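Have a look at the structure below, then the notes.
The values are calculated or read from the model by the stated rules, or taken from the named source; none is laboratory data. Source: prediction; values computed, not measured. For neighbour counting, all protein chains shown are included, and Cβ atoms are generated from backbone atoms with ideal geometry for every residue, glycine included. Note: accessible area is taken over every heavy atom of the protein model, side chains too, but ligands, DNA and RNA are not part of it. Shrake-Rupley method; radii C 1.70, N 1.55, O 1.52, S 1.80 Å.
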Amino acid sequence: MIRTLVVDDDPDIARLHSRYVAALEGFEVAGVLERGGPVLAFLEEEHIDLVLLDVNLPDMDGLQVLEDLRGSGHDTGVIMITAASERDTVRFAVGRGIDDYLVKPFTVTDFNRRLEAFRASRSVEAAQAEPSLAQEDIDSMLRAGVPERRGDGQAVPAAAALDAPLPKGFSRPTVELVGQALRAAAGAGGTGDMSAAEISETCGISRVSARRYLEMMAGRGLAELRPKYGAPGRPEHRYRWTGR
């Protein structure tokens, strides 16, 4: 059952969305909130699989709610349901790993289609779940940029790694956005690299998200971690595109 939290400041719309959710097989309404401030605390107390999130909320911007969720490590599914369709707003939301973006007004058919697509994606993720890795394997993937391996021990080609199903909490548009930035930095010579801070500024995503995506892409062999030593303290982590 996909436990869903509805966040919308209009009580009539919130009730309507709740009715739509309850009518769909495999979904249940776990709560309804009219403000963004309580969302994070609600997710700390309740198991929530999906948040239907409006942008225009009375106490705080829905995008800030999304940023707070991702910054605190929550990989809960999020579908933005809003009248806001500005390019910067959509790009910001995509950069924070939303699962979908539905612009008001819409039909119940379109609403159902988006939620059913979310349910299908979660079913695929569950079916493709892999065994846990040993600590040394995790360290190798995150720190050394070792290419992802198939069951026979052979490295997965970069193109295949890019097309493979993503881990929970990651979105393909953001992977492509980060990949474009890394490819641009590499240029013709293939020697340029970028830090998480630079990716954050270039792609319009948070530093936390930039670091997560860079580490994931390094683990799949799409990027190479290149520690930069200079000033005292920990080396700066920089990443160079190694995919195709």
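Computed over protein heavy atoms with a 1.4 angstrom probe, the accessible surface ordering of F92, F118, largest first, is F92, F118. What net charge is computed for the residues neighbouring A185, neighbours being all others with C-beta under 13 Å from the C-beta of A185, Lys and Arg scored +1, Asp and Glu -1? Here the count lands on 0. The largest accessible area among K104, K228 belongs to the first residue in K228, K104, and the rest follow in falling order (1.4 Å probe, all chains).
Taking a Cβ cut-off of under 13 Å around D110, the surrounding Lys, Arg, Asp and Glu residues balance to a net charge of +1, with basic ones at +1 and acidic ones at -1. Remark on L57: its backbone amide H falls under 5 Å from those of G62, a criterion applied only to residues 5 or more positions apart or on other chains, H modelled at 1.01 Å from N. Cβ-Cβ distance of D88 and E25, R₀ of 41 Å, FRET efficiency by 1/(1 + (r/R0)^6): the value works out to about 0.70. Close amide H pairs (under 5 Å, H built 1.01 Å from N) link L33 with V6, V7, D8, residues at least 5 positions away or on another chain. Listed peptides 106-113, 169-176 appear in the order 169-176, 106-113 once ranked by packing, highest mean of other Cβ atoms within 10 Å at the front. Across q = 0.11, 0.14, 0.17, 0.22 Å⁻¹, the stretch 1-77 modelled as identical point scatterers on its alpha-carbon atoms has Debye log10 I(q)/I(0) values of -0.24, -0.40, -0.59, -0.98, in the order of the q list.
You can think of it this way: the chain between R3 and L40 has 11.8 nm of extra reach, that is 0.36 nm per residue less the Cα-Cα gap. Here the convex hull built on the C-alpha positions of the stretch 52-91 has a volume of 72 cubic angstrom per residue.
Close amide H partners of R226, meaning residues 5 or more places away or on another chain with modelled amide H under 5 Å apart, are R238, Y239, R240.
In this view, the solvent-accessible surface of H237, computed with a 1.4 Å probe and all protein chains in place, comes to about 80 Å².
The string of couplings for the stretch 22-35 from the Karplus curve (6.51, -1.76, 1.60, θ = phi - 60°) is 4, 7, 8, 5, x, 10, 9, 7, 8, x, 9, 10, 9, 10 Hz, one whole number per residue in order, with x for Gly and Pro.
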